[in-house]
Every structure is written in C-alpha cells, then in structure tokens.
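S.K.: Just dropping this structure here.
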Amino acid sequence: MSNAQPKEFDVVIAGAGMVGASLACLLAESSLSIALVDRKRLVQGKDSDSPKLHSDKFDPRVSAISQASQQLFRQLGVWEDMSAARVCNYSAMQVWDAEGTGSIDFSAEQINQPELGSIVENSIIIAALHKRVAQLENVFSITPFSIESFEQVEDEDGLIVKLNADDGQAIRAPLIIAADGANSKLRALANFECREWDYEQHALVTTVRTQLPHNNTALQRFMETGPLAFLPLRSATEDDAQHFCSIVWSMLPDQAERVMSLSEDEFNSELAAALESKLGAIEWSDKRFVFPLRQRHALDYVKEGIVLVGDAAHTIHPLAGQGVNLGLLDAKALAEELQRGIQAGRSVADPKVLLRYQRRRKGNNLSMMWLMEGFKRLFGQQDLSIRWLRNIGMNAVDKMTPIKNQLIRKAMGLDS
C-alpha cells in the first residue's frame, strides 16, 4: 500500500480470489472506491501477458464453470483471456452408479447449447481477473496484507480495519465484504454463527493422462465410499485427441491415506479400475493433493456493515462442481443490490440493501447444498432395496427428456 493510495474507501473486499476479484470488477462499474485486500500479491500486472502454459502441466485446482458464470466473465471482459490461455468446453456428461446399472447421460445438444460448461484451471481464472483489476482506476489493491481486526468507531461512520502491517496501517470503509474463503478470518472476527459438519470424506485431486481421449465428456462414477469425477482438460497443443483430465476422487479418510501412499504405477492402476477403465489405462499422473471435506453455511450473510460471499458464506460438496458458480452468483447479486441502493440514494451499508442480497442468495444456496447432501447420502446407502430403487430412478430420469433437460439448465445456471 503506497502513500498515494487513499486510506478511506467506500468498500473493502477481503480476498482477491475468484469471487472477491470478480466482485471488485463488478463494483468498479459504479462510482465506489474499492480496496481489495489479500495476503498475496496479485498474479498479473496491467500489461502482463497470459501465464505461460505447458502442454502436460496443469493446475491441480480446476473449476467447472457454468454458462451463467461464463456470461459473467464475458461481462467483465476476462473470458477472452481465459480462453486464449486454456479452457476445455465439455459437451456431454456421463453419470453412473457403481453398485448397479443406473446411469444418466447429459448432452448440450439436447438443449441446443454449444456446451454444458467449461473446465478452467483456477490459476488461469485468477490471472485474468487480476489483470483486469490492475486496469481499474477505482479499485486499489492492498497486498500482501491481511485484515487483523476491525472496530466500529463511536460517532463516526464506517469501520476501521487494521492490517498486519509493521506500521499499523489502517483503512476505513462503511462496508467490508468477506470473500476470504472457507476458513474466513473476517467471518470469525465478526462472530458469524455457522452450521457445519464433517462429510467424513477427503477429496484427492490431481491431473492424469489417459490412454483413450476424453472427447470433451465429463465422467462421474458414484461409489460406496464417494464419487469419482474425471473432468476433461485441453492441453496447450493443437492435438485433437485430448487425453488429460483433472480428477476429484472423494473417499473415506483411511482410504485417502492409503491411496496417497501408493506409487504412481499403483495409483494409476487403482484409478483406472475405479473408473471401470472407461478411458483405458492411466498412463501418467501428476502430484496428488488431498483435503478434508466439510459443509458449512452461515446462518446470516449480513451483520453490521459486514457481508459474506462465496465460500466465506457457504461451502459445498464438490460432487457437482457448483461451489465457485454459487460464489460468483453471490458476487453478481450483491453488486446489483449495492448499485440499485446507490441509485436510490441509500448508503452502501444500508441494512435494507444488504438484506435484499441475503434474501436473493440464501435460499438458492441452501437448496443446492441440501440437494448435494441428498445425493451424497443416497449413493452412500448400500441397502439392497435402496440400491435397486436408486438405479431404477436414474434410468427413469435418463428417459424423461423434459426433466433431464431441466436439470441440465439448472446446473448450467440458465434457469437460476
């Protein structure tokens, strides 16, 4: 933070990840002055090029970007940079039950869309957003700093935010937005009450190269211990036969510990078997990462000039890849409500304005969270009668084109 930067802002956003940076870009369309605070420096400068990519090296963290999120990125002027770097549009998805014959096939062609969504590496998304942030005159990046504390000052408007700077720097704003992730420090400092529980599963993520091409199709197999997803990736080469996939393998903690200890050959063999060799042998796999899965939802998103968005407000099981899309919808809704309030002459921290945002997003987020929880519990049941009904139901839905198409459009964010 340089001396030339103002120390008073209209909005402070904690967290410059995908949701926080997107929100900063959205709010930059208004007259607000915005401070974007993050403990890491921004990835891209104003005139930087896209990140250098290697044909066989991918970010292990990827996101399944819905069409609604893609439209948001287009609005912000960052989708072109992402596409120029590396994006894999997928046009089909196959989902099946490991404990029976139930399956559902989704296709973009069924609903007259070019694709169901896009798999994009998180580093590419963040680089494009940070490049855009650096071009915005009313967004001030304050990095690498984090928020240590905040306080309401009597007889003065706004909150005083103290940073972890050696000289005790502080900034003031009437509104602070927590976009600092699932383990949000700002949420904890503000004493937001959350409902949360452990899924008793770990997610293993890595990148693999498969013997057979993925044909721009996402695969998901539901097993007793958790779902396994293969998400198609596009390498930096012009090779039409694409063989790289990002995997998210949810499993019990003991299983995750055992699988992490396997050699590469052992892991590749076990992974291919887990997918029933749908893509042939696993020819190569990158470094593996594992993390515990928890579901969390703040009982309220708004409290005394502080608002939660994205993972700071809610975290969800990754089985449908909807986490980042929900967060981006949060950012869009909050930006719209703040701008509507400004046009009506209201303060940026007006409780009525902020509660409108909460009403717009809380119900939708909860419904998606409970849907994912229902799927997890349903496919975790091994009772023979439940497994039979589950498989019958999947096959029935697969044949009910109107219902299946409605599910597709909902997941794509077209009917949200």
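S.K.: For region 205-294, place one equal point scatterer on every Cα, skip the solvent, and apply the Debye formula. What is log10 of I(q)/I(0) at q = 0.12, 0.20 Å⁻¹?
M.R.: -0.34, -0.93
S.K.: I'd like the FRET efficiency for D157 and K352, computed as 1/(1 + (r/R0)^6) with the beta carbon distance as r and R0 of 25 Å, rounded to 0.05.
M.R.: Once rounded, the FRET efficiency stands at 0.90.
S.K.: For H214, H243, what's the fewest-to-most ordering of other Cβ within 10 Å of each Cβ?
M.R.: Starting with the residue having the fewest Cβ neighbours, the order is H243, H214.
S.K.: Still on this model: What residues have an amide H closer than 5 Å to that of S149, excluding those fewer than 5 places away on the same chain, when H is modeled at 1.01 Å from N in the peptide plane?
M.R.: Placed amide hydrogens put K162 under 5 Å from S149.
S.K.: Could you grab the relative contact order for region 74-232? Cα pairs under 8 Å, six or more apart, rounded to a whole percent.
M.R.: 25 percent
S.K.: While we're here: Which one, S91, S69, S103, projects farthest toward the positive side of the charge dipole computed for region 56-121 from Cβ point charges (K/R +1, D/E -1)?
M.R.: Of the options given, the answer is S69.
S.K.: Quote to one decimal, in nm, the extra length available between E80 and K278 on full extension: 0.36 nm per residue of separation minus the C-alpha distance between them.
M.R.: Taking 0.36 nm per residue and subtracting the Cα distance, the gain is 68.0 nm.
S.K.: Turning to a different aspect of this structure: For the residues W249, W197, what sequence is obtained by ranking on other C-beta atoms within 10 Å, fewest first?
M.R.: W197, W249
S.K.: Report the percentage of all Cα-Cα pairs in region 258-374 whose separation exceeds 20 Å, rounded to a whole percent.
M.R.: Roughly 57 percent, once rounded to a whole number.
S.K.: Just from the alpha-carbon atoms, what are the Rg and Dmax of region 273-338 in angstroms?
M.R.: 17.8, 55
S.K.: For region 55-104, what size does the Cα cloud have along each of its three principal axes, sorted from largest down, in whole Å?
M.R.: That gives 45, 28, 17 Å along the principal axes, largest extent first.
S.K.: Give the relative contact order (percent, whole number) for region 284-328; include only Cα pairs under 8 Å separated by 6+ residues.
M.R.: 34 percent
S.K.: Can you give me the three principal axis dimensions of region 118-191 from its C-alpha atoms, in Å, biggest first?
M.R.: 48, 29, 25
S.K.: About the Cα centre of region 278-317, how large is the charge dipole given +1 on each Lys and Arg Cβ and -1 on each Asp and Glu Cβ? Please answer in debye to the nearest 20.
M.R.: 180 debye
S.K.: Separate question: Sum up the charges of everything whose Cβ sits under 13 Å from the Cβ of R221, counting Lys and Arg as +1 and Asp and Glu as -1, but leave R221 out.
M.R.: Here the count lands on -3.
S.K.: Normalised by the residues of region 76-168, what does the relative contact order come to in percent, with Cα pairs under 8 Å and at least six apart?
M.R.: 22 percent
Rule-based calculations on the coordinates, nothing more; no lab input. Nothing here was measured: the structure is a model prediction, and the numbers come from that model. Neighbour counts are summed over all protein chains in view; Cβ atoms, including those assigned to glycine, are modelled from backbone coordinates with ideal geometry.
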